[in-house]
Amino acid sequence: MEEARDQSRFKIFTRRAMVLGGFKATLLTALLGRLYYLQVMKAEQYSNMADENRINLRLLPPPRGRIYDRNGEPIALNRKNYRVVVIPEQTSHTASKRSMALKQTLDKLGFILPISDRDRRRVMKQAKHNRSFVPITVKENLTWQQVSQIEVNSLDLPGVTIDVGLTRRYYNASVFAHSIGYVGKVSAAETNSSNDPLLELPDFRVGKGGVERKHELALRGKSGSSQVEVNAYGRIKRELSRVEGKRGADIFLTLDVVLQKYAMERIAAHRSAAAVVMDVHHGDVLAMASTPSFDPNHFVEGLSVAQWEKLRDNPHAPLTNKAVAGLYAPGSVFKMATALAALQKGIHPHAKIYCGGYMDVYDDRFHCWRRGGHGKLALRHALAQSCDVYFYDMALRVGIDYIAEVAAKLGLGVSLGMDLPNEASGVVPTKEWKLEKLGRPWRVGESLIAAIGQGYVLSTPLQLCTMLSRLVNGGKAVVPHVASKRFHDDGRAYDLPEAESLGLDDKHLRYIKQGMDMVMSHPKGTAHAHRIEDEDYEMGGKTGTAQVRTISKAERRRRVLKNEELPWKYRDHALFAGYAPTDRPRYTVSVIVEHGGSGSKVAAPIARDLLMATMKRDPLRQRNPENVARAMPTADDIEEKL
Amino acid sequence: MTYELALFDQKKMTIADKLRQFPWSIYFTICILACIGFAMLYSAANGSIDPYASRQMIRFAILSVGLLAIALFDLRFWLKYAYLFYFLALVLLIAVAVMGSTGGGAQRWLDLGVFQLQPSEIMKLATILALARFFHGASYEDVGRLRYLLPPIALIALPSFFIMRQPDLGTTLMLLAVSGAMMFLAGVRIWMFVAVIITVAAAVPIAWEFYMRDYQKDRVLTFLDPGNDPLGAGYHIIQSKIALGSGGIFGKGFMEGTQSHLNFLPEKQTDFIFTMLAEEFGLIGGIILLCLYTIIFIYGFYASYRCRNQFGRLVGLGITVNFFLYVFINIAMVIGLIPVVGVPLPLISFGGSAMLTVLAGFGLLFCVSIHREIRISRNMIGIDP
């Protein structure tokens, strides 16, 4: 009985064990099926995900291209920037004491270099947020002494290391501030407009003005990359592959440090002024000065709010490069354009016009700058003595539209296409222009005003310099530039194209040059007092005094106030554009002193000094431009020098 | 002939006889699995025998001696003291609740100085023994009566309550599953199981609402949609699947598992060690491991089937089911078939408690195998050796 019962129990056990076994087999099959699904069917997908997980692409920022002057003097280099960084993980072995240990380390570090409370708070905050092995920058731009003190005390400073980065350093910084610009943090707009991943690096800097911005792509170079394997915490385990980047192209400027410094010095006495010195045949800008200036190194180091506001709110616009972006009425300097237009329209250069001190057109009276008038004079003397009435007459004969056409050939009222950003194109009005801009028809009187470079006419110092160059270089459409080469986006350099002929009549150019020569050489010339007496260096040019206010009829009846009697901002702009030597000119200069008063008294002496200095710097002292080889150093020479 | 006789009469069975009956081939299989475990732990420590592999080897060596000892005891000894063991294990479990140290957010461990004991693991073995003893004395008719089933239900409910309180949902469920399997084998009627299943299905929403901890809910929710929180709770499962899948058919090679070695894979030396194995040795490695386990499962069924007493059969299959559940739950968890419940892979994962339970369990299984011919009456006459 007992036996039978046990037998039935056993049978049930066996039967149910079979069921259980079958159930287990099913579960095991499910496991196998799942493994097959993951490791065979989905293997590729998970493989990719695994790589994405562990492989991290790191950018290697290339060193930025260096900038040198025409003689190889450094202007912008990359300086080693010693930073002290702290790695929280290494301050203490136990994670719980890390925050204390970090504080102690910072205290000790505080004995070597000053750490502000703000920096301290920032470090502590970053330590809390970042992974503990991520280095945190405590301070940048350490001195050698600080670096060595930290190195010596390294045993007492757990977790502290010195890190070397590259920062831009400008030499003769404020002298070149406007033409070179500076580098700064990448703006949101810059990130959006380009897909260069370099721009997303937190420490990356891009050009913010001048050459730095214009040649940004060439100077930037190409980023390298390093594929690293990281673990789940982001810590780098090893480097898988490395692609070296291409360092930014070095740029040699046409500027000359010595001349540039001299130009800055020479205009520094004035509140707001600009000057340009240029080679008439090649368009090399040898000096480009604008005052007041600023120190671009401050931008690299980081400007305080107060510093920035001071620069921004300064009425004399220190951040603006007035040589290319400052717009001024050219005044009498414009008369050469009117003269050329008249000659091309067939006006005989020796035909005399009578100047009685004014000209009446309809009901309006237009005055010459000389109250009594100049009497009868032809083109040369009209230029030399800057007779306004002569050019009023020409304007009536030629018409404003034709003057504008000729002025454009000389580079006025149009963009020159210079290799600097923010180049202003200025204005030489036409009838159509006025109708379009102001909605009113042209009035004849406005042609007269425009013919002497007032009214709507606006130009930059650079344009005046270019105009003069084109007038004295035989009518070649020379384009000014500050970099000796042009660059493709990938950094490859190419030579500038030769200047093309403007198709002007040599005879016309000769007449105008005679006039400009006489400005200096003729006793009646407006700038005779500031001529260069040394025959080898003789110069020519044209003065300009641009009115910035309207002289009322009442004032004219009484007496026109002298500049010295007016508040600064109502004084005339003083301008001068000149060239030298008079025999086969090589260099041109243009100077503008805002509210400086008379062009002949204020601007002409500066222009003379600049031309003198430039000619003396000429390496070959040869007058024949065709023989002048450019003595430019090669990049290798520079490397060795450094 | 003497050998045959000795098999029927335990009194005549010498130690040498028992050693001859000891299933060496299965023990060898266990050793192979343990060695695979050592290799994986060596890999998990990035090519170092310390800290995992060395300690695991020592544990395995010590516990193997224990296994042998358990197997050589008379089966009737285990039958006789089954309730005592159960009682002692329960006391230990309650001790944990009272003074256990906190590990991983849950009170599970009893710190014994040299190593930490997880009484819930011992409780599983004790419950298997106690249930086997109870059902050994029950006829098929007895088992059919609902009132007769109250004591075994109490035997299960008591430890389940304390383990649940720790809280350790994984071990609770395993205990319930093993107990259920044993009752099923003992002949409890099918309708009762159906009734329980219906009740549980009704109770789940209630338990979800009132009894489950947030982390347990998280695990279930994460299991249902791991992509929902890829860096939070779903991180483990996603990283595990990436590691597994990227291993492919042949794997990345020993010590070459990038996901595991770069710490993307969490807890690779314990719960997720199968993932590392499958990453480094691929599908082939996974299948070989499952085959080795299957050999042991089949042996467990075979040994139980051969046993001539109900106690031995129930113990044998109880142990086998327990072992199977370890393997299945762990692997199903790391390959994303079930939620992460924190069950180690037996013989491979680093950890003393699970190895103790598993090897002690094999000791009992081998004991059943050695003493398979002993007949023990239902009323247990003459169980005193």
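Is it fair to say residue A:99 is away from chain B (no Cβ under 14 Å), in a helix (DSSP H, G or I) and hydroxyl-bearing (Ser, Thr, Tyr)? Answer is yes for this residue. Here's a check for you: in region A:13-38, which residue that is more than 20 Å from residue B:336 (Cα to Cα) and facing another protein chain (nearest Cβ under 7 Å) is surrounded by the fewest Cβ atoms within 10 Å (Cβ to Cβ)? Per the criteria, the residue is A:14. Among the candidates B:284, B:288, the residue that is surrounded by fewer than 22 Cβ atoms within 10 Å (Cβ to Cβ), without any contact (Cβ under 8 Å) to a residue 40 or more places away in the chain, away from chain A (no Cβ under 11 Å) and assigned to a helix (DSSP H, G or I) is uniquely B:288. Against the conditions (1) surrounded by fewer than 23 Cβ atoms within 10 Å (Cβ to Cβ); (2) under 15 Å from the mean Cα position of the chain (by Cα); (3) within 25 Å of residue A:595 (Cβ to Cβ), residue A:288 satisfies every one except (1).
Within the set B:309, B:322, the sole residue that is surrounded by 24 or more Cβ atoms within 10 Å (Cβ to Cβ), out of contact with any Leu (no Cβ under 6 Å at 6 or more places or on another chain), in contact (Cβ under 8 Å) with a residue 24 or more places away in the chain and facing another protein chain (nearest Cβ under 10 Å) turns out to be B:309. If the condition is being crowded, with 20+ Cβ neighbours inside 10 Å and assigned to a helix (DSSP H, G or I), then region A:462-507 contributes A:462, A:463, A:464, A:465, A:466, A:467, A:468, A:469, A:470, A:471, A:472. Considering region A:341-360, the residues that are touching a Gly at 6+ places or on another chain (Cβ under 8 Å) and not hydroxyl-bearing (Ser, Thr, Tyr) include one that is farthest from residue A:553 (Cα to Cα), namely A:355.
Restricting the search to region B:240-256, which residues are over 19 Å from residue B:41 (Cβ atoms), facing chain A (nearest Cβ under 8 Å) and touching a residue at least 24 places away in the same chain (Cβ under 8 Å)? Across region B:240-256, the qualifying residues are B:241, B:246, B:248, B:249. Once region B:265-281 is narrowed to residues that are buried (at least 23 other Cβ atoms within 10 Å of the Cβ) and acidic (Asp, Glu), the residue that is farthest from the other protein chains (Cβ to nearest Cβ) is B:271. For region A:319-351, residues that are touching a helix residue (DSSP H, G or I) at 6+ places or on another chain (Cβ under 9 Å), over 18 Å from residue A:550 (Cα atoms) and assigned to a loop (DSSP other than H, G, I, E, B) total 10. Restricting B:69, B:89, B:53, B:82 to those that are exposed (fewer than 13 other Cβ atoms within 10 Å of the Cβ) and at pLDDT 90 or above reduces the list to B:69. Of the residues in region A:80-94, at least one is without any contact (Cβ under 8 Å) to a residue 60 or more places away in the chain and either more than 30 Å from residue A:180 (Cα to Cα) or of a type in the set (Lys, Arg) (or both).
Among the residues of region A:497-533, the ones that are farther than 20 Å from residue A:614 by Cβ and out of contact with any helix residue (DSSP H, G or I) (no Cβ under 9 Å at 6 or more places or on another chain) come to 7 in all.
Of the candidates A:226, A:174, the single residue that is within 16 Å of the chain's Cα centre (by Cα), touching a residue at least 40 places away in the same chain (Cβ under 8 Å), more than 14 Å from every other protein chain (Cβ to nearest Cβ) and surrounded by fewer than 18 Cβ atoms within 10 Å (Cβ to Cβ) is A:174. Among the numbered conditions (1) in a loop (DSSP other than H, G, I, E, B); (2) more than 27 Å from residue A:9 (Cα to Cα), the only one that residue B:160 does not meet is (1). Residue A:10: at pLDDT below 90, more than 7 Å from chain B (Cβ to nearest Cβ) and closer than 30 Å to residue B:372 by Cβ, yes or no? Against the criterion (at pLDDT below 90, more than 7 Å from chain B (Cβ to nearest Cβ) and closer than 30 Å to residue B:372 by Cβ), residue A:10 qualifies.
Restricting to region A:52-87, give me the number of residues that are more than 8 Å from chain B (Cβ to nearest Cβ) and either more than 28 Å from the chain's Cα centre (by Cα) or not in a strand (DSSP E or B) (or both). The number of residues fulfilling the criteria is 21. Residues being part of a loop (DSSP other than H, G, I, E, B) and among the polar types (S, T, N, Q) are entirely absent from region A:438-448.
Residue count for region A:352-391 under the criterion of being closer than 26 Å to residue A:562 by Cα, of a type outside the set (Lys, Arg) and in a loop (DSSP other than H, G, I, E, B): the result is 10. Against the test of being surrounded by fewer than 17 Cβ atoms within 10 Å (Cβ to Cβ), charged (D, E, K, R) and under 29 Å from residue A:552 (Cβ atoms), the options A:393, A:363, A:388 yield a single qualifying residue, A:363.
Look at region A:39-50: where a residue is at the interface with chain B (Cβ under 7 Å from one of its Cβ atoms) and a partner is at pLDDT below 85 and surrounded by 16 or more Cβ atoms within 10 Å (Cβ to Cβ), sitting 6+ places away or on another chain with Cβ atoms under 6 Å, you get A:50/B:259.
Residue selection: residue A:203 satisfies the criterion of being under 30 Å from residue A:111 (Cβ atoms), touching a Gly at 6+ places or on another chain (Cβ under 9 Å) and more than 14 Å from chain B (Cβ to nearest Cβ).
Considering only region A:558-572, I want to know if a residue exists there that is crowded, with 24+ Cβ neighbours inside 10 Å and assigned to a strand (DSSP E or B). Scanning region A:558-572, I find no residue that is crowded, with 24+ Cβ neighbours inside 10 Å and assigned to a strand (DSSP E or B), so the answer is no.
Whether a residue is surrounded by fewer than 20 Cβ atoms within 10 Å (Cβ to Cβ) and either under 28 Å from residue A:57 (Cα atoms) or outside the structural domain of residue A:67 (by TED's automatic domain parsing) (or both) was assessed, and residue A:193 passes this test.
The values are calculated or read from the model by the stated rules, or taken from the named source; none is laboratory data. Just so it is clear, the structure is predicted and the values come from calculations on it, not from any experiment. With ideal geometry, Cβ positions are generated from the backbone for all residues, glycine too; neighbour counts draw on all protein chains shown.
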